[in-house]
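Please treat every number below as a calculation from the coordinates, not as lab data. Quantities reported herein were computed from a predicted structural model and do not represent experimental measurements. A quick note on method: Cβ atoms are made from the backbone with ideal geometry, for glycine too, and the neighbour counts reach across all protein chains shown.
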Amino acid sequence: MHKPLTSPFRFIGTPLPRKEDARLTTGAGRFSDDFSVPGQCYLAVVRSPHPHARIRGVNFAAARAMPGVLGTYSGADCVASGLNPIPHDPLPKTKYDMKLHAPGGGTVFIGPHMLLPADKARHAGEAVAAVVAETQAQALDAAEAVEVDYEVLPFVLHSEDAIKPGAPSVWEEVPHNMPIETWFGDQAATDKAFAAADHVVAMDFHVDRVTGVPLEPRAALAEYDAATGRYTLHAGSGGAVRQKNELAGVLGVPPERLRVLSYDVGGNFGTRNRVFVEFGLVVWAAGKLGRPVKYTATRSECFLSDYQGRDLVTKVELALRRDGKFLGLRATNISNVGARCVSLSPLSKGAGLITGSYDIPAATLRAVAIYTNTTPTQA
């Protein structure tokens, strides 16, 4: 007869009391949109309605004549101010990560991610201009008055369509839309296993694209202190230090001149691990205007422009012996990274996990990343 359990588990299975609930359920949370400072103004974003379009010009005349407008910004202004692309550094580099490279082993072209593009919009919902005004309503009204002259271009949305001959190129630098192609495993041993197999099971899967839908839409508040030359940014994220270093790189300032504060995030799920252009825009605008600048996304903007997830096509073949023993695995993972390589961690992790926890003597994987005219994906 078992003795009744009179003491709690020592390690595994020990229930841990939650410490954060009282503060959050009583309204004491501190999310990005909760922060306000005297004299703040508001930024609104103009977004492309097209998946792929050349930006021939941006006309701010009507917006600048509207009440409360303090500043207007385009991709040409980003170039003129010497802003740098966001240094996403998407290739995983720890000793445990599966290393990815361009087709043939070359350097990976990640697609420069400016705060506002000067050449093209490469996905629907991409920020192409911004307006700052005294109130949020004035900023939103002025953003609607901005006229962007687009030359609409052919586009491609699905990864398998993007690698067909004659598909539109998202980037001229990658005419085949394939920035990553890496082979893993022992191909000769895998082919031998398949040749000896009694049964082969093959299936294709599409792991659909998703969006994180955090409880709080992304928000940011930036201040600039002209006396010290220092910036402060309130923005929920998956890592304040990374945001600080990458945004300092965009502005071309030493990291010690930028302080990033991430309090309660309101949901991440990976979608907030990397810098968003709006975070850089409020910091840049605060410096140019000498005023605190705040941005809060609408839910529709989040659906369009939050970094998204998954969108993986995987083609898998399993070789089996008559008694059910696994002999070999062949697979191709095709990751739709969207219009830019923001993070290649999902493709790298998938390469390391393809055989799961099973005893499979031989396996081969082709890991591929594909550019399309869609929102960038990440973890």
- prompt: Taking the alpha-carbon centroid of each part, what is the distance from the range 276-347 to the range 157-171 in angstrom?
  reply: 18
- prompt: Counting only the backbone N, which residues of the range 268-298 are under 12 Å from the spot 7 Å out from the Cα of GLU20 toward its beta-carbon?
  reply: 268-269
- request: Eight or more residues apart or on different chains, and alpha-carbon atoms under 17 Å: count the Lys pairs in the chain matching that.
  value: 6
task: List the residues whose amide H sits under 5 Å from the amide H of VAL46, counting only those 5 or more places along or on another chain, with H placed 1.01 Å from N in the peptide plane.
output: VAL128, ALA129, ALA130, VAL131
field: Loop-resident sites, the range 107-205, for trypsin sites (Lys or Arg not before Pro), counting at most 16 other Cβ within 10 Å (DSSP)
entry: none
- prompt: Percent antiparallel among DSSP beta bridges with both residues in the chain, to the nearest 5?
  reply: 75
field: Whole-angstrom gap from the range 32-72 to the range 180-257, using each part's C-alpha centre
entry: 27
task: Give, as a single signed number, the net charge of other residues whose beta carbon lies under 9 Å from the beta carbon of HIS52, with Lys and Arg counted +1 and Asp and Glu -1.
output: +3
field: Under Karplus coefficients 6.51, -1.76 and 1.60, residue-wise ³J(HN,Hα) of the range 202-212 in Hz, glycine/proline x
entry: 10, 8, 10, 10, 10, 7, 4, 5, 9, 10, x
field: 5 angstrom amide H check on ARG209, placed H, neighbours 5+ away
entry: ASP311
message: Please list, in order, the residues from the range 310-351 whose amide nitrogen is less than 18 Å from a point placed 7 Å along the Cα→Cβ vector of GLU160.
response: 310-318, 330-338
Extension gain, VAL79 back to ALA102 (0.36 nm per residue minus Cα-Cα distance, nm): 5.5 nm
message: Spelling out what I want: for every residue of the range 151-164, take phi, set θ = phi - 60°, compute 6.51 cos²θ - 1.76 cosθ + 1.60 (Karplus), and round to whole Hz; glycine and proline get x.
response: 9, 5, 10, x, 9, 9, 10, 9, 4, 6, 5, 5, 9, 6
message: What does the net charge come to around ALA62 if you take all other residues with beta carbon closer than 11 Å to its beta carbon, with K and R at +1 and D and E at -1?
response: -2
task: Could you check the simple spin-label distance between ASP119 and LYS288, using points 7 Å along Cα→Cβ, in nm with one decimal?
output: 2.1
message: Taking the Cα centre as origin and putting +1 on Lys and Arg beta-carbons and -1 on Asp and Glu beta-carbons, what dipole magnitude results for the chain, to the nearest 20 debye?
response: 1140
- request: As a check on your grasp of the helix formula, calculate [θ] at 222 nm for the chain: sum -39500 (n - 2.57) over DSSP H runs of n ≥ 4, divide by the residue count, round to the nearest 500.
  value: -5500 deg cm²/dmol
- prompt: For a paramagnetic label modelled at 7 Å from the Cα of ARG54 toward its Cβ, which residues of the range 72-87 fall within the zone defined by backbone nitrogen distances under 18 Å?
  reply: 75-76
task: Starting with the highest mean, order 142-150, 355-363 by the number of other Cβ atoms within 10 Å, averaged over the residues of each peptide.
output: 142-150, 355-363
task: Can you figure out the FRET efficiency of GLU144 with GLU172, using R₀ = 45 Å and their beta-carbon distance, to the nearest 0.05?
output: 0.90
statement: Extension length gain for ALA227 and TYR263 (0.36 nm per residue less Cα distance), in nm, is 10.4 nm
The range 367-377 - phi-based ³J(HN,Hα) in whole Hz, Karplus 6.51/-1.76/1.60, Gly and Pro as x: 9, 10, 10, 10, 7, 9, 8, 9, 4, x, 10
